[in-house]
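A.B. asks: Sharing a structure here in structure tokens format.
The values are calculated or read from the model by the stated rules, or taken from the named source; none is laboratory data. Quick caveat, the model's predicted, so the values are computed rather than measured. Counting neighbours? That spans all protein chains shown, and the Cβs are built from the backbone with ideal geometry, glycine included.
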Amino acid sequence: MLGSPTGSSIKLNVFAPDQAGTVWLVYGTRSGQLGTQTPARALVAGQPLEIALEGLAPNTRHYYRLYFQPSSGTAGAPGDEASFMTARPPGSSFTFALQGDSHPERLRSQFDPDLYTRTLLTAAADQPDFYVLMGDDFSVDTLDPLTITQPKVLERYTLQRPYLGLIGKQAPLFLVNGNHEQAAGYLLDGTPNNVAVWAQNARNSLYAQPAPDGFYSGNPTPVPHIGLLRNYFAWSWGDALFVVIDPYWHSPVAVDNVLGDGTKRSNLWDVTHGDAQYQWLKRTLEGSTARYKFVFAHHVMGTGRGGVELAKLWEWGGESAGGQFDFPVKRPNWTEPLHRLMARTGVTIFFQGHDHIWVRQKLDGVTYQTVSEPADPNYTLWNADAFQSGDKFPNSGYTRVRVAPEGVQVDYVRSLLQRDESATRVHGSTVFSYRLP
Ligand SMILES: [Fe+2]
Ligand SMILES: [Fe+2]
């Protein structure tokens, strides 16, 4: 599983649930001519291993194979050759892709393993430079709070590895925190034994998420028993700025569903992205001269239903439920609500998941793009009533974005099980497409 690509490096996370041995990589910049070998590293069953490749050439496709030598003594065999891109300079054309809530715990109702596989393989065939998961991919809140343990939380993360490896071996993965992940500060209790610590450590140990460095900016504040959260971050790639934000970690109260069905917060002004994340986001958006700016979050405010319908409320828009503009009183240290900040700084698209439907909307020049689930075998149009405007399409599929100096093209690519295909419903076909600006 690849992660955290830069202009000169990438991380590869290797994991085997029940095999031990040694692993190494061979890599190079020409297919079939993999001249560089990494030192052999010990792989322990059930323990993720992170291998960093450094000193890579920027704007270059690199090819690699992973070798595994089992400690049982049988001969090692190389894996298939795969490839990835290092960071693109301004003026480049490239593709990235994203998926909404995969919800593997909702078997049959919203998740089908074969359909997920088809979606991921089809997305991988586009050779996206990276793949963004919009959250609700590792839901732990359906586990019994009385018997929940660190291994049970970790299992939600290892369960995704065989699926996400289909694309993650060639496209670095970026995780966006979802409401069902329960990677959220309200669950911290000062010990290492709570769901917030277990969830965040599972995220960071199995999926190499970026920490602030010369290439990424992000959350610089370590949390006891975790270290750097790696939960919000930004980077530049080609002519675009990419910004991932997290509505859940920094709120002192649960933003959406509560682990163990506890009492839901009553006032959404109690919910916050936090001052530090806000100031970082403001600096990041204001400081970028990128032609395109893409912001990713699980949802507007991390809760509710709809897109632009919610954009005037609370931290996002400044109004209380009654319609009065209470922002200056409720957030005296913030200069403007999040939507205004995005509109003023020229954000091209705000991407969200959570609603399990594909909807394109626009407000004050900012496109609000809600993305579908990748593997819903019932192809449902969830929550359509919450969206009073826009182009709406049902599950399932992924979203492909082509970025070029002359414009951005967004495609909703349909996924179907073979049994559901027909002459007019073809897996991998584009359902809807638009261009910006
Ligand atoms: Fe959600
Ligand atoms: Fe969801």
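A.B. asks: Is one or more of the residues making up region 142-152 within 16 Å of ligand 2 (Cβ to nearest atom), surrounded by fewer than 22 Cβ atoms within 10 Å (Cβ to Cβ) and touching a residue at least 24 places away in the same chain (Cβ under 8 Å)?
C.D. replies: Yes, that holds for at least one residue.
A.B. asks: Give me a count of the residues in region 391-437 that are more than 30 Å from Pro89 (Cα to Cα) and surrounded by 20 or more Cβ atoms within 10 Å (Cβ to Cβ).
C.D. replies: Selection size over region 391-437: 5.
A.B. asks: OK, next. So is Ser109 modelled with pLDDT of 95 or more, within 16 Å of ligand 1 (Cβ to nearest atom) and more than 19 Å from Thr158 (Cβ to Cβ) or not?
C.D. replies: Criteria met by Ser109.
A.B. asks: Further question: So which residues in region 27-54 are farther than 24 Å from Asn204 by Cβ and surrounded by fewer than 17 Cβ atoms within 10 Å (Cβ to Cβ), if there are any at all?
C.D. replies: Within region 27-54, Gly28, Thr29, Arg30, Ser31, Gly32, Gln33, Gly35, Thr36, Gln37, Ala40 qualify.
A.B. asks: Being touching a residue at least 40 places away in the same chain (Cβ under 8 Å) and within 16 Å of ligand 2 (Cβ to nearest atom) is the filter here; which residues of region 83-107 pass it?
C.D. replies: Across region 83-107, the qualifying residues are Leu98, Gln99, Gly100, Asp101, Ser102, His103, Pro104, Glu105.
A.B. asks: For region 322-420, which fully contained strands (runs of 3 or more DSSP E) count at least 2 residues that are within 17 Å of Ser102 (Cβ to Cβ)?
C.D. replies: 349-352, 397-404, 407-414
A.B. asks: Among the residues in region 273-282, are any crowded, with 22+ Cβ neighbours inside 10 Å, within 16 Å of ligand 2 (Cβ to nearest atom) and at pLDDT 95 or above?
C.D. replies: no
A.B. asks: Here's another thing I want to ask about it. Scan (1) aliphatic (A, V, I, L, M); (2) over 30 Å from Pro437 (Cβ atoms); (3) within 16 Å of ligand 2 (Cβ to nearest atom) for the single condition Ala196 breaks and write down its number.
C.D. replies: Of everything listed in (1) aliphatic (A, V, I, L, M); (2) over 30 Å from Pro437 (Cβ atoms); (3) within 16 Å of ligand 2 (Cβ to nearest atom), Ala196 misses just condition (3).
A.B. asks: Of the residues Ala240, Ala234, Ala184, which single one is at pLDDT 95 or above, within 15 Å of the chain's Cα centre (by Cα) and not charged (D, E, K, R)?
C.D. replies: Ala234
A.B. asks: From the residues in region 202-234 that are closer than 28 Å to Gly7 by Cβ and in a helix (DSSP H, G or I), which one is farthest from ligand 1 (Cβ to nearest atom)?
C.D. replies: Among those residues, the one meeting the criterion is Ser205.
A.B. asks: So, one more: Among the residues of region 138-152, is there at least one that is in contact with a strand residue (DSSP E or B) (Cβ under 7 Å, 6 or more places away or on another chain) and either of a type in the set (Asp, Glu) or away from ligand 1 (no atom under 16 Å from the Cβ) (or both)?
C.D. replies: Taking every residue of region 138-152 in turn, none turns out to be in contact with a strand residue (DSSP E or B) (Cβ under 7 Å, 6 or more places away or on another chain) and either of a type in the set (Asp, Glu) or away from ligand 1 (no atom under 16 Å from the Cβ) (or both).
A.B. asks: Can you tell me how many residues within region 168-205 are of a type in the set (Val, Ile, Thr) and in contact (Cβ under 8 Å) with a residue 60 or more places away in the chain?
C.D. replies: 2
A.B. asks: Among the residues of region 287-316, what is the count of those that are in contact (Cβ under 8 Å) with a residue 24 or more places away in the chain, within 14 Å of ligand 1 (Cβ to nearest atom), among the hydrophobic types (A, V, I, L, M, F, W, C) and in contact with a helix residue (DSSP H, G or I) (Cβ under 7 Å, 6 or more places away or on another chain)?
C.D. replies: So the answer is 2.
A.B. asks: Mind listing whichever residues of region 171-186 are buried (at least 21 other Cβ atoms within 10 Å of the Cβ), of a type outside the set (Phe, Trp, Tyr) and away from ligand 1 (no atom under 16 Å from the Cβ)?
C.D. replies: Ala171, Pro172, Leu173
A.B. asks: While we're looking at this one, here's another question. Which count do you get for residues in region 403-425 that are closer than 24 Å to Gly390 by Cα and in contact (Cβ under 8 Å) with a residue 12 or more places away in the chain?
C.D. replies: Qualifying residue count for the region: 11.
A.B. asks: Take the residues of region 123-181 that are in a loop (DSSP other than H, G, I, E, B) and small (Gly, Ala, Ser): which is nearest to the chain's Cα centre (by Cα)?
C.D. replies: Per the stated criteria, the residue is Gly135.
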